[in-house]
1. Report, ordered by the first and then the second residue, all pairs with beta carbons closer than 8 Å, sequence separation of six or more or different chains, a first member in the range 108-126 that is in the same structural domain as Y201 (by TED's automatic domain parsing), and a second member that is of a type in the set (D, E, K, R) and within 9 Å of the ligand (Cβ to nearest atom).
2. What is the number of the single condition among (1) among the hydrophobic types (A, V, I, L, M, F, W, C); (2) free of Cβ contacts under 8 Å to residues at least 40 places away in the same chain; (3) within 13 Å of the ligand (Cβ to nearest atom) that M30 does not meet?
3. Of these, A275, A249, which one is more than 16 Å from the ligand (Cβ to nearest atom), touching a residue at least 12 places away in the same chain (Cβ under 8 Å) and hydrophobic (A, V, I, L, M, F, W, C)?
4. Can we say L280 is in contact (Cβ under 8 Å) with a residue 60 or more places away in the chain and touching a helix residue (DSSP H, G or I) at 6+ places or on another chain (Cβ under 8 Å)?
5. Within the range 206-233, track down each residue that is open to solvent by 70 Å² or more (accessible area, probe 1.4 Å) and not hydroxyl-bearing (S, T, Y).
6. Go through the range 108-134 and give me each residue that's open to solvent by 10 Å² or more (accessible area, probe 1.4 Å), away from the ligand (no atom under 12 Å from the Cβ) and hydrophobic (A, V, I, L, M, F, W, C).
7. Specify which of the listed residues (F193, F234) is of a type in the set (F, W, Y) and not assigned by TED's automatic domain parsing to the domain that holds T112.
8. In the range 33-81, which residues are within 12 Å of the ligand (Cβ to nearest atom), in contact with a helix residue (DSSP H, G or I) (Cβ under 8 Å, 6 or more places away or on another chain) and among the aromatic types (F, W, Y)?
Amino acid sequence: MKQVDGEKLLASLGDGVNQLRGRLTPDAPMDRVTWFQAGGLAELMFHPHDLDDLVTFLKLLPEDVPLTVVGVGSNLLVRDGGIPGVVLRLSAKGFGQVELAGENRIRAGAITPDKHLAAMAMDHNIGGFHFYYGIPGSIGGALRMNAGANGGDTSQRLVEVEAVDRKGNIHVLSAADMGYSYRHSTAPADLIFTSAVFEGYPEEKAKIRADMDAVRHHRETVQPVKEKTGGSTFKNPEGHSAWELIDEAGCRGLMIGGAQMSSLHCNFMINIGHATGYDLEYLGETVRQRVFEHSGIKLQWEIKRLGIFMPGREIKPFMGVTEE
Ligand SMILES: Cc1cc2nc3c(=O)[nH]c(=O)nc-3n(C[C@H](O)[C@H](O)[C@H](O)COP(=O)(O)OP(=O)(O)OC[C@H]3O[C@@H](n4cnc5c(N)ncnc54)[C@H](O)[C@@H]3O)c2cc1C
């Protein structure tokens with residue numbers, strides 16, 4: 001049974017939408033967006049053509065319509081009841097440019113793949129970005145998640161971010177304004193990041209290439225990168241590795257429905273072919289419970305869970321813990 005009604009929402013927006021140049025899609029399947037290839041419908045998906053188009057849309061969108069921005073879905077678990085309101089996906093044409101912006105500086109649109117930023121930096125002998133080479137997300141996702149790996153993270157390289165708020169006003173935030181900590185930003189939740197400027201340092205191309213190759217080789221060896229996954233399921237608790245706690249609690253390879261904790265890297269959940277959002281979240285909460293029983297440590301979700309449950313298929317945190 002459908003929990004959202006995109007045609008109705010689209011009709012409620014009136015004729016104002018005719019001036020938009022981007023694409024509006026009612027009832028858009030989120031399993032085509034998420035790396036898990038699971039989850040329900042986005043009630044109404046909007047791909048703004050460019051920044052002006054985005055601002056126009058935000059100004060005509062009533063304040064009570066929920067708005068969710070997604071990147072390329074590599075850190076998302078979407079529930080089977082779908083995502084009410086509008087889901088915003090930035091278009092590559094309007095938000096996918098990457099260019100030099102001064103000495104050792106690069107400006108990247110928010111839907112630019114992290115990998116492209118790393119490659120651009122290497123081409124121009126700018127060091128400090130090789131860690132992005134192994135992260136399969138977009139710059140927008142990296143800005144929100146403080147994405148990082150191999151000792152580097154977004155906060156170390158960021159100079160400033162351009163963002164649009166829910167009312168369509170444009171802001172420029174400094175790195176300090178982003179309030180970064182491990183895989184977290186305190187920047188207001190309603191901000192849509194549209195582009196950012198990063199700064200690295202001079203480095204030999206050969207050294208950068210070697211670092212990028214090492215990142216790729218390491219990932220292909222220890223992570224299920226070819227599977228339908230959302231990356232690390234849980235954050236590493238202070239002083240611990242999430243995967244070790246999961247392993248010690250006997251959850252490596254644990255399976256519920258079509259969802260499994262990877263045997264290769266047991267902090268990665270994978271869709272082994274037919275997982276629903278329910279299977280994935282149920283598995284995650286089961287792991288949290290078992291880890292808590294085994295070690296007394298409460299794992300916190302790193303993956304962002306979006307949307308609503310199907311009726312009768314609700315999942316409560318098994319320990320009554322709220323993470324965020
Ligand atoms: C195989 C694999 C390996 C991974 N390895 C790593 C790793 O080493 N390190 C790491 O940090 N992550 C890793 N991840 C997780 C993921 O790639 C990162 O979190 C990435 O930054 C998410 O980017 P995305 O574009 O996919 O964002 P999404 O998953 O689409 O969204 C993630 C969050 O960002 C928000 N968001 C996205 N775009 C915007 C925007 N323009 N404005 C405002 N908010 C926005 C969304 O609302 C959501 O809250 C991995 C994932 C996979 C599948």
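The values are calculated or read from the model by the stated rules, or taken from the named source; none is laboratory data. Note that the structure is predicted; figures quoted are calculated from it, not measured. For neighbour counting, all protein chains shown are included, and Cβ atoms are generated from backbone atoms with ideal geometry for every residue, glycine included. For the accessible areas, the whole protein counts, side chains as well, though only heavy atoms, and no ligand, DNA or RNA atoms are used. Shrake-Rupley method; radii C 1.70, N 1.55, O 1.52, S 1.80 Å.
1. If the second residue must be of a type in the set (D, E, K, R) and within 9 Å of the ligand (Cβ to nearest atom), the pairs left are I111/R89.
2. Every condition holds for M30 apart from (2).
3. A249 is the lone residue from the list that is more than 16 Å from the ligand (Cβ to nearest atom), touching a residue at least 12 places away in the same chain (Cβ under 8 Å) and hydrophobic (A, V, I, L, M, F, W, C).
4. no
5. A206, K207, R209, R216, H217, H218, E220, K226, E227
6. Passing the criteria: A119, M120, M122.
7. F234
8. Hit for the range 33-81 is F36, nothing else.
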